[in-house]
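None of the figures in this text is laboratory data; all of them are computed from the coordinates on show. Note that the structure is a prediction, hence the values are computed from the model and not measured.
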């Protein structure tokens, strides 16, 4: 009887130690940031807004490029001579200069706005990650791109997408 009680006590002790170790074990999750940033509705709206904002300037660049190509072909045809040739060369040089200047300005402005949007969307994603981590008692959330392997059960990316999308509907 004493032996049975000691065995039961030892088993209970082992179970309690195992439970205590499991309670102290860190709770970890991973997120796939590129997937999240691609799937949230706010990102899609942001892309559409940027396309609308920069579309006319891109169209202007395409028009300049087409005009320059047409003029270049005309110059290469050899049909122009004298003052007409000189004027066409100057006009082509001006078109190329305008194209380069406007192209650089567009790229700089689009990059700046893109970074602004990324910061704004990153803030929304971080709020969602923080809220989910707090609700679930997570101690560590890693970016999935940095993790060599993770089981699907620890990936909270879809939960983050759902949370950010729900904020969008409000």
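Details
- Segment 2-169 shape via C-alpha gyration tensor axes, a/c threshold 1.5: prolate
- Our summary gives segment 2-169 a relative contact order of 49 percent, counting only alpha carbon pairs under 8 angstrom and 6 or more residues apart.
- Segment 111-170: C-alpha gyration tensor shape, a/c 1.5 cut-off, then a/b vs b/c: oblate
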